[in-house]
Amino acid sequence: MRSLRRSIRLFLDMIQLGVSFSTFAIAGVTPRKTVESMVRLFCASGGRSNDLIARVMAWAHPPRPLSASEGVLQPLREREVAQIVPTLREQGYFLYENRVPDEICRRLLDFALTQPAKVRLQDGQSRETIAAIYDPLKPLGVRYDFDEKDVINHPDVQALMADPAIVAVAQAYLGVQPVADVVSMWWHTAFSDQPDSEAAQFYHFDMDRIRWIKFFIYLTDVSSDNGPHYFVVGSHRTDGIPKNLLSKGYVRLLDEEIESHYPAKDIIEFVAPRGTILAEDTRGLHKGQHVRQGHRLMLQIQFSNSLFGPAYPKVAFDQVRDSRLNEMMERYPRIYSNYAATGKS
Ligand SMILES: O=C(O)CCC(=O)C(=O)O
């Protein structure tokens, strides 16, 4: 009886996804119930539902050759990009050899020490949402999230969003002309000695889009104590997450659950200096370790194969301060459509 109910539920989810997909194609909006159906189908099919829809999307927006001009990062030759993609497919992550130049890290650090951010207290405790400037000597919560509008309007962030060494990898991995859709920056602090669920300090997989890749950029040096990022190698693949973990749905998982399902060699801790760039398919299991000492400042740029999925509040570039971004927006409007002042999301 339970399995019949489950089959009916999944059948309805497929219909829901089909209807949502049509609504999105016509009106550019995704109905609210879609994410629940997406997650249930992902968990039931081990990821095949996403794989299938991604194939259709790739057909609609094929990759386009990117111009070869330089960005702020060391350029990647076509051959290098072609070598990175199989690594990403196999492992789920790729660690760039080159780092974001130090002067850019310094400027972004200055920004993060002078710009108010939304403070998250910690699990189980609440108070009115406050915005504050992070004081390393007196953190007010476990996490400080910068407003996306402030982040995308920073010229160095704009330069990184337009950098061919990043965009080319996103496009080649996703197999479509991608869309930049989540750009964020946050502090993790030593406010609490316990991991925090909402601050993404327990293992989880993301599921806001059909297919996506995140570029995590460390803006402070990260040791084992500063809350390094963790990823489980291969867990992004189809059937990469064991059924009994998927059967729990869209939940946070304990370290012990991960350790009992994956060999230690597949659980990677990213201890690295500032400027490190990590490309990762966060359909796989990952987390930010809670900070034991000091803090960690992270910049994240996400590219997705489509904006199909939950709508985030629309934010736009006030001014495009980076000339390369200007050029990229003219040539590849789809990539930046989510942040274009007049573009629809
Ligand atoms: O802060 C981290 O290292 C984890 C971030 C994360 O889980 C996410 O962006 O989905």
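The values are calculated or read from the model by the stated rules, or taken from the named source; none is laboratory data. Everything numeric in this text was worked out from a predicted model, so none of it was measured. Here the Cβ positions follow ideal geometry from the backbone for every residue, glycine too, while neighbour counts run over all protein chains shown. We work out accessible area using only protein heavy atoms, side chains counted, and drop any ligands, DNA or RNA first. Shrake-Rupley method; radii C 1.70, N 1.55, O 1.52, S 1.80 Å.
L10: loosely packed, with under 15 Cβ neighbours inside 10 Å and over 25 Å from H229 (Cα atoms), yes or no? Write out each step before concluding.
Values: loosely packed, with under 15 Cβ neighbours inside 10 Å: no; over 25 Å from H229 (Cα atoms): yes.
Here the answer is no, as L10 does not meet what is asked.
Of everything listed in (1) open to solvent by 30 Å² or more (accessible area, probe 1.4 Å); (2) under 20 Å from F317 (Cβ atoms), the single unmet condition for D225 is (2).
Of the residues R321, R331, which single one is more than 29 Å from G234 (Cβ to Cβ), touching a helix residue (DSSP H, G or I) at 6+ places or on another chain (Cβ under 7 Å) and surrounded by fewer than 16 Cβ atoms within 10 Å (Cβ to Cβ)? Explain how you work it out, then say what you get.
Values: R331 fails: touching a helix residue (DSSP H, G or I) at 6+ places or on another chain (Cβ under 7 Å).
The conditions single out R321.
Please work out which residue is nearest to H295 (Cα to Cα), limiting yourself to region 190-231 and to residues that are more than 8 Å from the ligand (Cβ to nearest atom) and in a strand (DSSP E or B). Selected residue: V222. Residues of region 37-57 that are within 13 Å of M14 (Cβ to Cβ) and open to solvent by 70 Å² or more (accessible area, probe 1.4 Å): R40, R48, L52. Among the residues of region 17-44, those identified as β-branched (V, I, T) and either farther than 15 Å from Y312 by Cα or part of a loop (DSSP other than H, G, I, E, B) (or both) are V19, T23, I26, V29, T30, V39. Scanning region 246-286 for residues that are within 26 Å of G175 (Cα to Cα) and polar (S, T, N, Q), we see that the one that is nearest to the ligand (Cβ to nearest atom) is T282.
Within region 287-301, can you find the residues that are more than 8 Å from the ligand (Cβ to nearest atom) and either open to solvent by 10 Å² or more (accessible area, probe 1.4 Å) or modelled with pLDDT under 95 (or both)? Break it down stepwise before answering.
At the first step, the residues of region 287-301 found to be more than 8 Å from the ligand (Cβ to nearest atom) are 290-295, 297, 299, 301.
Residues satisfying the conditions are H290, R292, Q293, G294, H295.
All conditions in (1) closer than 24 Å to I217 by Cα; (2) touching a Ser or Thr at 6+ places or on another chain (Cβ under 9 Å); (3) open to solvent by 10 Å² or more (accessible area, probe 1.4 Å) hold for Y262, with the sole exception of (1).
Taking into account only those residues within region 174-184 that are among the small types (G, A, S) and more than 15 Å from V85 (Cβ to Cβ), which is least open to solvent (accessible area, probe 1.4 Å)? This residue is A180. When we screen D102, D135 for residues that are farther than 21 Å from V271 by Cα and acidic (D, E), the only hit is D135.
Okay, residues lined up against (1) in contact with a Pro (Cβ under 9 Å, 6 or more places away or on another chain); (2) of a type outside the set (D, E, K, R):
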{"position": "L160", "(1), (2)": "no, yes"}
{"position": "A170", "(1), (2)": "yes, yes"}
{"position": "G175", "(1), (2)": "yes, yes"}
{"position": "V182", "(1), (2)": "no, yes"}
{"position": "D193", "(1), (2)": "no, no"}
{"position": "A199", "(1), (2)": "no, yes"}
{"position": "F202", "(1), (2)": "yes, yes"}
{"position": "F205", "(1), (2)": "no, yes"}
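Can you tell me which condition K243 does not meet? The list is (1) open to solvent by 40 Å² or more (accessible area, probe 1.4 Å); (2) within 12 Å of the ligand (Cβ to nearest atom); (3) of a type outside the set (S, T, Y), and all the others hold. The number of the failed condition is (2).
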